[in-house]
Each structure stands twice: as structure tokens, then as C-alpha cells.
1. Please report, ordered by residue number, the helices (runs of 4 or more DSSP H) entirely within segment C:187-304 with at least 2 residues that are among the basic types (Lys, Arg) and in contact (Cβ under 8 Å) with a residue 12 or more places away in the chain.
2. Can you give me the ranges of the helices (runs of 4 or more DSSP H) entirely in segment B:54-169 with at least 1 residues that are at pLDDT 85 or above and within 14 Å of chain C (Cβ to nearest Cβ)?
3. Quick check on segment C:122-166: of everything there that is outside any helix (DSSP H, G or I) and β-branched (Val, Ile, Thr), which residue is surrounded by the fewest Cβ atoms within 10 Å (Cβ to Cβ)?
4. For segment A:136-147, which positions are at the interface with chain B (Cβ under 7 Å from one of its Cβ atoms) and surrounded by 15 or more Cβ atoms within 10 Å (Cβ to Cβ)?
5. Every residue in segment A:19-45 that is among the acidic types (Asp, Glu) and over 24 Å from A:Thr104 (Cα atoms), please.
6. Can you name every residue in segment C:32-51 that is without any contact (Cβ under 8 Å) to a residue 60 or more places away in the chain and closer than 18 Å to C:Gly221 by Cβ?
7. Tell me which of these B:Tyr45 doesn't satisfy, since it passes every other one: (1) under 30 Å from A:Glu140 (Cβ atoms); (2) crowded, with 18+ Cβ neighbours inside 10 Å; (3) out of contact with any strand residue (DSSP E or B) (no Cβ under 8 Å at 6 or more places or on another chain).
Amino acid sequence: METTFIKEELLFRQLETAFENVVLEIARKEAVLVYAPKELVAPILLYAKEKLGYKSFSHLSCVDWIENDEFELVYILWSPETKINLFVKTRIERENPIMENTDTIWRQINTYQREIREMFGVEFPGFIGEKEFILEDWEEIPPMRRDFDTLDYVSETFDERPGREDKQDVRERIANRSGEEIPDFAKKYSRE
Amino acid sequence: MYNDNNAQTIVEYIKNFTRKNSLFMLAYGTGCGAIELPATLTSRYDAERLGVRGAATPRQADLLLITGYLSTKTLKRVIRVYEQMQDPKYVIGFGSCTINGGMYWDSYNTIKMLDKYIPVDVYINGCMPRPESVIAGFKELQRLISEGKADGATKYKENLDWYRENQKKVLKNWPLVEYNW
Amino acid sequence: MNTILFQLFGALATILLAFTVGMFYGGIRRKIIARIQNRVGPPIYQNFLDVIKLYSKETSIHHGAMQHMGPVFAITASITSLMFVPVLNGEGWFWFKNLNFSGDLIFLVYMMVFGSLGMALGAGQTGNPNSAIGVTRGLSQMVGYEIPFVMSMVALMAQFHTTSITGLMNIQVQENTWLMFSNPFAFIAAVLAMLGMFHYSPFDIVHAPAEVASGPVSEFGGKYLGLMMSSGSIFAFVKLTLFVNIFMGGAANLIELVIKTFALYLIPVLYGVTSPRYRTEQAITYFWKWPLFFGVIAILWASF
């Protein structure tokens, strides 16, 4: 059966006429993607809130595209009337990442911006929020960046309890010793 | 007469007997293990028959139960809480995360060995330990107390420098305050 | 000389009795709660273990002079009120002729508040915000239950033209009746006020562990907590004995005393174990409705 995207098409048209320079895509049922340059993010959010009935801001997340030297910020909006998720995606450069402050549109963006500033080091000039959010006294590069080597940091800062250096998979040995049978589905998770 | 060995033994016995049968427990429930404690304390497993009951504040508590993983941020609070408790005090590390980091073995923000930062008397392993194991842990602690071997607090006092050094290695920029404990 | 010595020994024996009975009642309460919740529960001597352990703990907290005085005030108030409550009827048993003279009811009502005030001062010094909230709640609740309690006491005093506890006890012996039948409304008001006095659920808003981290005692550990537990046990005995004395005809011997006080003690325990905690304003409203009404009726009953 052919799926019809009537309300998604409608939203698509509305956004197409309102903004130039944006790439639109209907990802799946009830999900519309907008790829926009970073100057257009605030106007799109405002337009969606005022004209399209997007009352609710769901999430702001960040993706580290280290290969392209870019961060991607994803603003996820939700409209209770049309029940369509609107994803506004924008890319900013990885060196000196600066994004426009949008917490005047939805106040809850403030919290997400604090998190992203701490975890990715993206700066949002002009917004008011405590510097420390989850971490305390963090001196390394922001930990969710992909060039932050977690294992390295862990082996430097914390000690490992001796005795498990070999990190063997003892599941099978224990099973053999006690005559237990490992179920088939569990075998494919074996480390060997 | 007062230095009579027998008399002292009797006093020690009474002390240890009451201590082991009356454990006021402060559950530091930031990890996922906190959810096992309601089951342990209520009708089905009923830890109160062993004399274990909840204490509301660290000042009243004898037993600090660290349920699950500790991030470096909560470690600060745990150290403060531990130092506010009154002697004699005991610590139970609860779950694999307190023993060797458990599933957070490569997490940048979770400590791996709890006994490097505060002295731990009993570990309960498992992820998660079921209420039966928690009760077994209480029993083990009671055995240690009655034998006079649960001396974590003395260990902490005597080796304070070593503990402080480890704590400072993880908690940077923390002005360590001396409390009146 | 001999009489003074006897009286001192009597006082000591009374304190010991009050402590033991109060502690066992606390243990039985925990057992009852456990059984109602379908648990095994701690042994009934559990409270003794707790207290001995608390006394053997180190106590090295200093927040100021009043913090050390608070628990002492509490236990002083408990023991002082105990000294003014006749334990047994008439001559009673030899040892329990304690320091009580013809114990005055007005003084006793006053003295029973003193412990809470001392506690409030001690808790205030610790600077813990939970303590401050707990103290505020406790004093508000006291305003709630003191009014019906005092009204019922005033009704009794007006009805029988005496302020003395022994006087009231003698009247019951002479007329061969209990005052709870002579002035039933005073008894109802007093018992409802007693629910609040015990600070058991649903009126445990002062100590509510989940809300204010045990309130006033949140900074007190070790020996001070032990002192407060002892003080609470003694005070429970004081309240129960007072109620038995003035409403239930006193007791001729210890067994009768234990039976009567325990029957009375079951009221707050059973009411508490089946009721969830009130909020502060709910608790005060509770006391200012029916208990107050019965207090007024009791006074009217006494005057006509």
C-alpha cells in the first residue's frame, strides 16, 4: 500500500515558500527534516512556533562530524496538532564553534545549551546559565567530542582493580565447569 | 579491677553485640541499586528483623550503603557524608560498579575502586545484587562487627594521607575542608 | 534523713521503671507496625539495643553551647514531669513514693511543653535548615493539640474544684468511678490531643524522615540521639501514666498500671499505623475541629 504524506507535504510546501536556501526532506511518516544554514535556524524556529503551531520543543542535540570538521546541531520540534516532528539541522565549523542563542524562543533550550556547551564546547554567546552543568572541575577537552580518548583518560586518572587485566571471556568456562548450557542467542555476543 | 581483662571482654562483647544488632543505615542511592532497597526493607525481605533501619541523616547513621556507581561529582558528597558520620561507622559497597567500575569500566566520569577513596568493610557483588545478597551482606557485616574486624573508620583515620592523596587525584580544585569528626 | 534517701531511691526507681516501660512500649510498637505490614519485625527489646549502641558511639559534633544543652533540656523536662506524676494510687508500692508532692496539674501542663522548647533551642543552634523547618512544624502542631488538651484539663479542674492530680485520683477512689465516665467529653478531647502529643503517624510531621530528614534531631547523632530516645520513652510513660491517673482511676499496682497504660498506648499506635502523614495545616485543622469542639463541650459539661 502506498503511504501518503498529505500533512507532511503541506508542511513541506509551507516551509518551502517561507524560506529559501534550505534543503527539505520528508524522512518518514510524521518526520520532516530541514537542513538550514546557521543564520536561518532562529527564523525557522520562530516561524514554526508562531505560524505552524509548533508549541513544543523536544530536544536539542549535537553530533560530532569529526571527518568533515563540523558539528551538527539538531533542533527537534513537536506539534501536537499535526503530530509531525520537525528536525532543524545545521552545521557549524568545529574550530571555534559558535551558535546563535535561541533560548528566547523556548526557555527550555537554555538547559540543552548548557549541556552542549559543557559536553561539546559549543559556545552560545549571550545566554545566561551556570558554567558547570553535570561535570565539575573539568579541565580536559569536552568529553563528548570524538577526539577525546576516554580509555586513555580513564587509565590515566583511575586505577584498575588488579586481577582482570587479561579481560577474558569466562562465560564459557564457567558454563563448562558447571555443566550449564549457553543458549544460542547468547553465543553470538561472545568476545572470541 | 577495672582493667580486668574479663571485664573488658564483657564490655566489648556487649558493645559489639548492640552495634551489630542495631545498624542505622544511610543509603546513598544515586546509583541504580537504590531500587533494591525498598524491597529489602519492606514486607518481603524485611531487613528490620536484623536490626537494620534507615537513618535520615549522616549524623545518626552507622552504616553507609553506596548503591551502585559513583561519579566523581557524587564522590565529593560521599566523602563529606562519610566524614560527617560518627564513629564507629561502616561502609558497604553495593554492586559491581563500586568494586571495579562494572559496566562503567571505561567511563571518564565514574570512579572504579571505591576502597581507594573511603574504606569499605563489605562488598556485595552483582549487577544488581538481589535483596537476598543485600541481606547476606548485612549478615557478613554483622559477623565482622561481632569479631571486631569491621574497623574501616580506624583505617581511614590512620591512613588519612593515603586516602586524601587518592581523593585529590580524582577531585581537582577541591579545597578539602577539615570537619569536626 | 532516711525519708530523703528513700525518696531519692524512689525517684531513681521511678526513672528506671519509666525508661524500661517506655522502651518496651516502643519496641512493641515497632513489632505491631511490622506485623500489620506483614513483616516479622525487630525483637521487642530492639530499642534497648539501639539506645545502648547510641550511648556507646562517639559524639564529636559542635555547633555551639545550645546544641549541647538541647538534649539535656529534653531529658530534664521528661524526668521533671515524671517526678510530678504519681505512679501508683494512694500509698502505692513502697519504692514509687517518688518526689511528687500533690502534683499540680497546671504546673505539669506547663512542664510538658518545656522539653519541646528546649529541643527547639538546641535544634535552632545547629543551623540545619531541616531542623528549623522541623521546629516550626513542631511548634505549630503544639499550638494545635495544646488547646484541646488544656481545655479538657481545665474542664476537669473546674468540675472537681481541684488542680491536684492526687486530688483527682482520690475523688475517683472515693466515688468509685473513672473520670472518663464523669466527664466523657474531656476524655475524648484529651485522647485526641494525645494523638498529636505522641508525634506518631499521622502527626509525625515533625520528624518525617522523607520530608525534613528527621527534623529537629537531624544534626544530633550518637549520645545525643540516645538521650533523646530515652527522653522520648520516659515522656511517653509520663503521658500515659498521667492519663491513666486522671481519667482511668490510677492503678493500685504495677500490673494494673501496665495493662491500663498499654491499652491507652494502643490508641495512638493503631491510629497511626493505619493513617498516612498529614501536612502541617491539615494536622492543625484536625485539632481545631473535633478535639476543640469536644473540649468546649467538656467545659460546658463541667459548668452545668
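1. Here the list reads C:222-247.
2. Answer list for segment B:54-169: B:72-84, B:131-146, B:152-158.
3. Result: C:Thr162.
4. Quick first cut of segment A:136-147, residues at the interface with chain B (Cβ under 7 Å from one of its Cβ atoms) only: A:136-137, A:139, A:143.
Of everything in segment A:136-147, those that are at the interface with chain B (Cβ under 7 Å from one of its Cβ atoms) and surrounded by 15 or more Cβ atoms within 10 Å (Cβ to Cβ) turn out to be A:Glu136, A:Pro143.
5. A:Glu25, A:Glu30
6. Of everything in segment C:32-51, just one residue is without any contact (Cβ under 8 Å) to a residue 60 or more places away in the chain and closer than 18 Å to C:Gly221 by Cβ, namely C:Leu49.
7. Here B:Tyr45 meets the rest and fails (1).
Conditions tested, residue by residue: (1) among the basic types (Lys, Arg); (2) at pLDDT 90 or above; (3) in contact with a Lys or Arg (Cβ under 6 Å, 6 or more places away or on another chain); (4) part of a helix (DSSP H, G or I).
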residue	(1), (2), (3), (4)
A:Thr3	no, no, no, no
A:Phe12	no, no, no, yes
A:Glu20	no, no, no, no
A:Pro43	no, no, no, yes
A:Gly53	no, no, no, no
A:Val63	no, yes, no, no
A:Leu73	no, yes, no, no
A:Thr82	no, no, yes, no
A:Lys89	yes, yes, no, no
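The values are calculated or read from the model by the stated rules, or taken from the named source; none is laboratory data. Keep in mind that what you see is a predicted model, and the values were worked out from it rather than measured. Because the Cβ atoms are built from the backbone with ideal geometry, glycine has one as well, and the counts that use them run over all protein chains shown.
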